[in-house]
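Trainee: Just passing along the structure, written as structure tokens.
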Amino acid sequence: MAKLIYSGIMSLDGYVADEDGNFDWSAPDAEVHAFVNDLERPIGTYLYGRRMYEVMLSWETARLVADQPAFVQDFTGIWQAADKVVYSTTLEKASTARTRIERRFDPESVRQLKEASTRDISVGGSHLAAQAIKAGLVDELHLVVTPIVVGGGTSFLPDHLGFELALLDERRFGNGVVHLHYGNRT
């Protein structure tokens, strides 16, 4: 059975985007990006909301950009090789390969996907992840914490929901970024 994993790069105060929707402060350097690539390598399916899918669209054609660093080329291949499920009521059709559109998030369908999958599944975007967390579907969390405080914006974790986690691993990087890997105890 596959695990459902929620990963994200966040500010020290817990936001994935600031109050203006900007997240340029979260761009990983080469060391962090290579580490994230290794985290993503086991993923067979990405679950996205429409907004996160639109952010990730550039990876479909990233190989066409000349002189990309090796870590960017690596992630491009990882992302393109995975299936994608996009939850959207407004998106008419997918503009990337290996992608299907679902009109609503159905926890039972995700449970069935976990049971049937041989590779892990990633949920991307804090709003969709909140639904998966509230449904008790998320098995692990990978927090990549950047040394910046943005003061508000889009939270990595949903409000008004508590759950216990077990620290599984941690790592510090030369640029001050910290990776925290947690398992869900519930």
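The values are calculated or read from the model by the stated rules, or taken from the named source; none is laboratory data. Note that the structure is a prediction, hence the values are computed from the model and not measured. For neighbour counting, all protein chains shown are included, and Cβ atoms are generated from backbone atoms with ideal geometry for every residue, glycine included. Remember, those area values only see protein heavy atoms, side chains included, never the ligands or the DNA or RNA. Shrake-Rupley method; radii C 1.70, N 1.55, O 1.52, S 1.80 Å.
Trainee: Using helices alone, what [θ] at 222 nm do you get for the chain, with -39,500 (n - 2.57) per DSSP H run of 4 or more residues, divided over all residues and rounded to the nearest 500?
Mentor: Values: 5 runs with 49 residues, N = 186.
Only helices count here, giving -7500 deg cm²/dmol.
Trainee: At a probe size of 1.4 Å, how large is the accessible area of TYR48, to the nearest 10 Å²?
Mentor: Only protein atoms counted, so the area is about 10 Å².
Trainee: Cut-off under 18 Å on the C-alpha distance; same-chain residues fewer than 8 positions from LYS93 excluded. Which lysines are left, in chain and number order?
Mentor: LYS84
Trainee: How big is the dipole moment of region 1-109 about its Cα centre under a simple scheme where the beta carbon of each Lys and Arg is +1, that of each Asp and Glu is -1, and everything else is neutral? Debye, nearest 20, please.
Mentor: Values: 11 positive and 18 negative charges, 140 e Å.
Dipole magnitude for region 1-109 comes out near 680 debye.
Trainee: Say the dipole of the chain comes from +1 at the beta carbon of Lys and Arg and -1 at that of Asp and Glu; which of TYR15, VAL149, LEU161 then lies farthest toward its positive end?
Mentor: LEU161
Trainee: Taking Cα Rg over 2.2 N^0.38 Å straight from the coordinates, which label in [x] 1.04; [y] 2.13; [z] 0.99 is the correct one?
Mentor: [z]
Trainee: Got a sec? Charge dipole of region 1-117, +1 on Cβ for Lys and Arg, -1 for Asp and Glu; which of THR76, ALA34, ALA66 is way out at the positive end?
Mentor: Going by the Cα projections, it comes out as THR76.
Trainee: Only four residue types carry charge here, +1 at the Cβ of Lys and Arg and -1 at the Cβ of Asp and Glu. Report the dipole size of region 36-167 about the Cα centre in Debye, rounded to the nearest 20. Display every interim value, and only then the final one.
Mentor: On the way: 14 positive and 17 negative charges, 86 e Å.
Around 420 debye, computed over region 36-167.
Trainee: Set the Förster radius R0 to 45 Å, insert the Cβ-Cβ distance between ASP106 and ILE148 as r into 1/(1 + (r/R0)^6), and round the FRET efficiency to 0.05. All intermediate terms of the calculation are to be shown ahead of the outcome.
Mentor: Numbers: r = 36 Å, r/R0 = 0.80.
Given R0 = 45 Å and the Cβ-Cβ separation, E is 0.80.
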